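Written out below as structure tokens is the structure these notes cover.
Taken together, the values in this text are just the output of simple stated rules run on the coordinates, not laboratory data. Please read all numbers here as calculations on a predicted model, not as lab measurements. Cβ sites come from the backbone with ideal geometry, for glycine too, and all protein chains shown count toward neighbours.
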Amino acid sequence: MVLLPAFLDGLARSVSTKKGKHQSEDEDGGREIAKSMVKDSKKNSSLLGSSGFVNSETSKRFTSICSNRGEKGINQDRAIVWEGFGCQEDITFCGMFDGHGPWGHVIAKRVKKSFPSSLLCQWQQTAASLSSSPECSSPFDLWKQSCLKTFSLIDLDLKIHPSIDSYCSGCTALTAVLQGDHLVIANAGDSRAVIATTSDDGNGLVPVQLSVDFKPSIPGIAFRC
């Protein structure tokens with residue numbers, strides 16, 4: 001399984017061998033490359049941010065988004081799918097962000113916009129840091145650390161934003177990365193990932209929950225709150 005395209009792999013090696021100012025410049029360059037990839041993916045229709053389906057010439061899967069507005073006013077749900085994530089044909093990124101509070105729709109929209117490029121940048125940087133530790137270089141370790149860093153950075157961005165009240169508002173974040181036969185789920189909040197699998201008798205589909213809802217009723221979550 002190839003984790004990084006050649007040019008990202010080269011960037012990963014360069015980041016791992018430079019420090020100080022040069023490292024900061026490389027990180028800035030990585031962010032710009034990630035943003036550029038997002039723009040290119042929008043142009044070739046492999047990135048979808050509203051209800052519909054991916055209609056790309058290179059698409060090998062059926063990928064779609066469906067969002068139905070409720071009766072509570074502004075629809076605070078935001079979702080995104082990106083086939084060929086990071087120029088990798090076998091990787092698909094999915095994200096679902098459900099806002100809450102007065103600023104929920106604004107926050108969900110901002111997270112939806114920034115999460116994919118931030119994750120891609122952290123993925124590249126994490127690959128560089130893990131390159132010196134073969135025992136920690138499995139696909140799961142790479143995605144786990146990349147997701148943890150991305151969630152932390154997104155949270156910090158919202159906290160320091162001068163025009164957003166993230167104390168009384170926020171959004172859930174449910175992300176899924178499909179790489180070959182591997183599926184990595186990362187989530188914060190009570191949005192839920194569910195997969196449909198064939199029933200034992202083979203005559204239907206059965207839903208299987210893949211994520212754990214983060215609610216105050218869970219002792220560990222209540223302690224954090």
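Things worth noting here:
- With the simple spin-label model, which puts each label point 7 Å out from Cα in the Cβ direction, the SER51 to CYS168 separation comes to 3.1 nm.
- Pair VAL184, LYS159: separation of 7 Å Cα→Cβ label points (nm): 2.4
- In plain terms, the residue of ASP201, ASP190 with the fewest other Cβ atoms within 10 Å comes first and the most crowded comes last, giving ASP201, ASP190.
- Simple label model, 7 Å out from Cα along Cβ direction - SER131 to GLN209, nm: 4.2
- Treating r as the C-beta distance of PHE140 and LYS109 and R0 as 41 Å, the FRET efficiency rounds to 0.85.
- Gain on full stretching of the segment that runs from LYS42 to ARG61 - 0.36 nm per residue minus C-alpha separation: 5.1 nm
- In plain terms, the chain from ASP201 to ASN68 could stretch by 44.7 nm, reckoned as 0.36 nm per residue minus the Cα-Cα distance.
- Residue-by-residue Karplus 3J(HN,Hα) for region 184-199, coefficients 6.51, -1.76, 1.60, Hz, glycine and proline x: 10, 10, 9, 8, 9, x, 10, 6, 10, 9, 10, 10, 9, 10, 5, 5
- Rg of the Cα atoms in region 71-202, relative to 2.2 N^0.38 Å, amounts to 1.16.
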